[in-house]
Amino acid sequence: MEINWKERIAKYGYGIDADGATKDELVEFVETMIYKTQDFTDNNLWAIFQELFEGFTVESFKKIRTDIRSQLRRHLLKRGVYVGRRNSRVTVSELLFKVVQQEELHQWTDREIVATIKELAEPLATRALRDRLNHTRDGLLN
């Protein structure tokens, strides 16, 4: 079944009440936001993410399927919005929540850029980091 993106954007374009939404609605919302923000990067994407996910808590993110949460994290990372790395003490839900709570866009370190490129195994689609990346955007300038 093909997704009707126009219909979904009309339904979720202004956000969602995370507390009142079902798990399926949250998944649809995140999928729609990933689709809708494909052309945004860096500060623009960060600002949109913060606005659309305002009101989300760690528990709200936990209601979203693991694969969809991971897709959202990868979507943000690839486009220049830093989302920390998951480990045994920090979940993806907590990392996404931290991004919602940020007062300013995170300033990437070289170490974070290298680790992210390695994790994603693909070039970054970011304008803000362009001056620090090689011409293929899959590594730092030497």
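All of the numbers you see were taken from the coordinates with simple rules; none came from a lab. Because the structure is a prediction, the values reported are computed rather than measured. Here the Cβ is made from the backbone with ideal geometry for all residues, glycine too, and neighbour counts use every protein chain on show.
Among the residues of the range 61-70, is there at least one that is in contact with a Lys or Arg (Cβ under 6 Å, 6 or more places away or on another chain), touching a residue at least 40 places away in the same chain (Cβ under 8 Å) and farther than 29 Å from R130 by Cα? Checking the range 61-70: at least one residue is in contact with a Lys or Arg (Cβ under 6 Å, 6 or more places away or on another chain), touching a residue at least 40 places away in the same chain (Cβ under 8 Å) and farther than 29 Å from R130 by Cα.
I'd like the full set of residues that are surrounded by fewer than 19 Cβ atoms within 10 Å (Cβ to Cβ) and under 19 Å from T41 (Cβ atoms), limited to the range 83-98. G84, the sole residue that qualifies. Taking the criterion of being hydrophobic (A, V, I, L, M, F, W, C) and loosely packed, with under 11 Cβ neighbours inside 10 Å, the only residue of the range 99-126 that qualifies is A121.
Looking at the range 1-39 only, could you name the residues that are hydrophobic (A, V, I, L, M, F, W, C), touching a residue at least 24 places away in the same chain (Cβ under 8 Å) and not in a loop (DSSP other than H, G, I, E, B)? Hits for the range 1-39 are W5, I9, L26, V27, V30, M33, I34. Among the residues making up the range 40-51, those that are in contact (Cβ under 8 Å) with a residue 24 or more places away in the chain, of a type outside the set (D, E, K, R) and within 18 Å of F97 (Cα to Cα) are N43, L45, W46, F49, Q50.
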